[in-house]
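The values are calculated or read from the model by the stated rules, or taken from the named source; none is laboratory data. Just so you know, these numbers come straight off a predicted model, no measurement behind them. All Cβ positions, glycine included, derive from the backbone under ideal geometry; neighbour counts span all protein chains shown.
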Amino acid sequence: MVHFLPLQQINASFDPELSAAVQRVVESGWYLRGGENRAFEEEFARYLAVPHVVGVGNGLDALTLALQAAAELQRWEPGSEVIVPAMTFIATAEAVLRAGFVPRLADVDDRALLTPELAEAVVSERTRAIVPVHLYGHPAPMEDLMHWARQRNLFVLEDAAQAHGAQLEGRRIGGWGHAAAFSFYPGKNLGALGDGGAVATADRALAEQVRLLANYGAKEKYVHEVAGVNSRLDELQAAALRVKLRRLDADNAARRRVALRYGEKIRNPWVCLPYGGDAAQSVFHIYPLRSPHRDALAQHLAAEGVETLIHYPIALPDQPALQACCQLFHPATPMAQRWAKEELSLPVSPLLTEEEVDFVAEAVNRFRP
Ligand SMILES: *Cc1c(COP(=O)(O)O)cnc(C)c1O
């Protein structure tokens, strides 16, 4: 049996350092807003080569607070719109709603990424921002998107929740937009032992506004400048992330080796492999196959002892929760809907052995619809 992502085994592979870090925090008597959080923020900022990182409670908060901070600094009017890709985890769109704005859903390309052409199809005079998602670990075309957004004076927030460590032209994801939001949900490429998130930005005022909003709107204890929220990266998570950050590049390289081997070994006319020659740029948060017979393929693999998942079975325009806000003007998003119908994720854990990868690839090759 090849498991999709054996978190227990993965976290055990960080011991004894990971358990020692947890114990250090337990024994310190200090659990929030302390030295581990500050040290992680500095180390992650250095890793990304971005001046400011603010730890927050989770990825949804990172997205929401970055949008709220930008909206306050740039005085976005009520009813302002934010462009979001139609194929992503729902958090990308929910953050726009929670910040008080309107998501505009754009279709994605054949890599499930937003492009300037697809954003152009939904931009309006009310658009203030765009949130490209580096979905499945593959960088969105940031140079083109930044060029397009600059011409329209739009704020760019990278949703980097699936792409910790990915690079585009030698520059890390998270340093391309005006800000970036990360999640440290346990299953992400850089995962905590619970919830966690961060906002990265080169803009000092934006970083300070996020920090203010995330701390009940207070810089000084009990002096609340604005109505904020409680969203903290706790000391246990920060200490665990500091240990795991040191191995992030090696783990991403291992994921890429798995993906490369799938690319060499999988030969099946009913299965479409991800990215082609473009694959070197991905950190493979997920290895996304596509097949017109996706559900039969998933059943076949389960019977052969291979665990798979679907990311994601419903495109955002079809989510019940988004009908009220988005149906008024959503245009057709055929590619997003096609991804929802055809995508299947193979195991791509950094701990997979070559034998396990070959086992999975041979099981895929035996599939006939
Ligand atoms: C995981 C994820 C989020 C949300 O992160 P949480 O920490 O679970 O709130 C946002 N966007 C994308 C693309 C994600 O994969």
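Could you list, in sequence order, all residues of region 349-366 that are more than 11 Å from Val2 (Cβ to Cβ) and buried (at least 18 other Cβ atoms within 10 Å of the Cβ)?
Listed by number, the residues that qualify are Pro350, Val364.
I need the full set of residues from region 81-115 which are surrounded by 21 or more Cβ atoms within 10 Å (Cβ to Cβ), in contact with a Phe, Trp or Tyr (Cβ under 8 Å, 6 or more places away or on another chain) and not basic (Lys, Arg), in order please.
Within region 81-115, Glu81, Val82, Met87, Thr88, Phe101, Val108, Ala112 qualify.
From the residues in region 234-256 that are exposed (fewer than 15 other Cβ atoms within 10 Å of the Cβ) and either touching a Phe, Trp or Tyr at 6+ places or on another chain (Cβ under 7 Å) or of a type outside the set (A, V, I, L, M, F, W, C) (or both), which one is farthest from Trp30 (Cα to Cα)?
Going through the qualifying residues, I end up with Asp249.
Is it true that some residue in region 39-61 is away from the ligand (no atom under 12 Å from the Cβ) and farther than 28 Å from Arg204 by Cβ?
Looking for residues that are away from the ligand (no atom under 12 Å from the Cβ) and farther than 28 Å from Arg204 by Cβ, one finds none in region 39-61, hence no.
Taking the condition more than 11 Å from the ligand (Cβ to nearest atom), modelled with pLDDT of 95 or more and not assigned by TED's automatic domain parsing to the domain that holds Pro334, does Ala95 pass?
No; evaluated as a whole, the condition is false for this residue.
Determine which single condition Arg75 fails, assuming it passes every other condition in (1) within 16 Å of the ligand (Cβ to nearest atom); (2) without any contact (Cβ under 8 Å) to a residue 12 or more places away in the chain.
So the condition that Arg75 fails would be (1).
Those residues that are crowded, with 16+ Cβ neighbours inside 10 Å and either under 29 Å from Gly196 (Cα atoms) or without any contact (Cβ under 8 Å) to a residue 12 or more places away in the chain (or both), I need them from region 258-273; list them, please.
Val258, Ala259
Of everything in region 215-264, what is of a type in the set (Val, Ile, Thr) and not in a strand (DSSP E or B)? Give them in sequence order.
Once the filter is applied, which keeps residues that are of a type in the set (Val, Ile, Thr) and not in a strand (DSSP E or B), region 215-264 yields Val226, Val229, Val243, Val258.
What is the number of the single condition among (1) polar (S, T, N, Q); (2) out of contact with any Asp or Glu (no Cβ under 7 Å at 6 or more places or on another chain); (3) modelled with pLDDT of 95 or more that Gln281 does not meet?
Status for Gln281: all satisfied but (3).
Which of the residues belonging to region 311-348 are part of a loop (DSSP other than H, G, I, E, B) and surrounded by 17 or more Cβ atoms within 10 Å (Cβ to Cβ)?
Correct list: His311, Tyr312, Ala315, His330, Thr333, Pro347, Val348.
List every residue pair whose Cβ atoms lie under 7 Å apart, where the two residues are 6 or more positions apart in sequence or sit on different chains, the first residue falls within region 38-64 and is in the same structural domain as Ala179 (by TED's automatic domain parsing) and farther than 14 Å from Arg242 by Cβ, and the second residue, located anywhere, is among the hydroxyl-bearing types (Ser, Thr, Tyr) and more than 12 Å from the ligand (Cβ to nearest atom).
If the second residue must be among the hydroxyl-bearing types (Ser, Thr, Tyr) and more than 12 Å from the ligand (Cβ to nearest atom), the pairs left are Val50/Thr201; His52/Thr201.
Just to be sure, is Glu208 more than 16 Å from the ligand (Cβ to nearest atom), surrounded by 15 or more Cβ atoms within 10 Å (Cβ to Cβ) and more than 21 Å from Phe4 (Cα to Cα)?
yes
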